[in-house]
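In what follows, a single structure is set out as structure tokens and then discussed.
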Amino acid sequence: KSTMAIVQRLVAAAWLASAFQNAPTKTRRNVGQRRSTTYSLDEVEIGSPLEPLSNYVLVKIASAVDSTAGGILLPEQAKEAPTEGLVVAAGPGRAHPDSGVVVPVPVVPGDSVLYGKYDGTAVKYCGDDHMLIRDDDVLLTWTGEYSLESVRPLSDRLLLKTEKIEEETASGIALAPGVAEQQKTSVGKVLKTGAGRAASDGALLPLPVAAGDSVKYRDYAGSSVKIAGDDFVVCRASDCIAKWSSAD
């Protein structure tokens, strides 16, 4: 009787070993991942990676600026909040409200993005500062180095080079330091355009302006951005109220 029990135990042990060896590779790999990888959201452990929904994008925020242009170190409370980061994950896209057609998110993990200062929802993901923003909040995107050549606007946004503000009035009176910078121009030359906004069937609508056009846009529309130390504006095509071609 004891011999029969031993044999039964050996058979059961052999069956369990065989079942584990023949289990799907993916299943065994997932078990290992669960043991070695943990995820957290706002300091609370979660069971899986964070997945944005709809047209939301998870962005890992770039480090804050630690010093001024003159090299003076800034205290923590005086550091400029960054609005630049790296796309970690993106949702599947937003369903158009009229047709239900899903419009894909135009950025992918690995892209760098620049977004509005007050856009998005801040989260602490896996110990690092992140933002959840809509794809519509993205002003510019690029891969590699941040430069005029690499950046591109999305959707119906335009990248404009604005006209320089004169530092004297028409009568020749010099403006006080800082006054010229406070005056906001609303005329610029289109350098780059997005691909266009999606229609209800998902097709991209053509933009009314093209690179090379000069435009007048609504006062205080758009967002000011700096690229390689130069000033530019990113605005929507719908904010432009007139256009013209260069005289030459």
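The values are calculated or read from the model by the stated rules, or taken from the named source; none is laboratory data. Every value quoted in this text rests on a predicted model; they were computed, and no experiment measured them. All Cβ positions, even for glycine, are placed from backbone atoms using ideal geometry, and neighbour counts span all protein chains on display. SASA here: full protein model, heavy atoms, side chains in, ligands and nucleic acids out. Shrake-Rupley method; radii C 1.70, N 1.55, O 1.52, S 1.80 Å.
What is the local net charge at residue 101, summed over the other residues whose Cβ is closer than 14 Å to its Cβ (Lys, Arg +1; Asp, Glu -1)?
0
If ligands, DNA and RNA are left out, what is the accessible area of residue 189 with a 1.4 Å probe, given in Å² to the nearest 10?
Counting only protein heavy atoms, residue 189 exposes about 100 Å² to solvent.
Tell me the label-point distance for the pair residue 211, residue 51, using the 7 Å Cα-to-Cβ offset, in nm and rounded to one decimal.
My value for the distance between the label points is 3.7 nm.
May I ask you to compute the full-extension gain from residue 201 to residue 117, defined as 0.36 nm times their residue separation minus their alpha-carbon distance, rounded to one decimal in nm?
27.1 nm is the gain from fully extending residue 201 to residue 117.
So, counting K/R as plus one and D/E as minus one, what does the shell of residues with Cβ under 12 Å around residue 142 add up to? Before the final figure, lay out the partial values.
Details: positive: 152, 192; negative: 84, 111, 145, 149.
Once positives and negatives cancel, what remains is -2.
Please turn the phi angles of the stretch 194-207 into ³J(HN,Hα) values with the Karplus equation 6.51 cos²θ - 1.76 cosθ + 1.60 (θ = phi - 60°), one per residue in order, whole Hz, x for glycine and proline.
So the Karplus estimates, Gly and Pro as x, are x, 6, x, 7, 6, 7, 5, 8, x, 6, 7, 7, x, 8 Hz.
List the pairs from 60/124; 117/226; 117/243; 161/192; 192/226 whose alpha-carbon separation is above 19 Å, in the order I gave them.
117/243
Using only the Cα atoms of the stretch 83-156, what do you get for the radius of gyration and for Dmax, in Å?
According to the Cα coordinates of the stretch 83-156, Rg and Dmax are 13.1, 39 Å.
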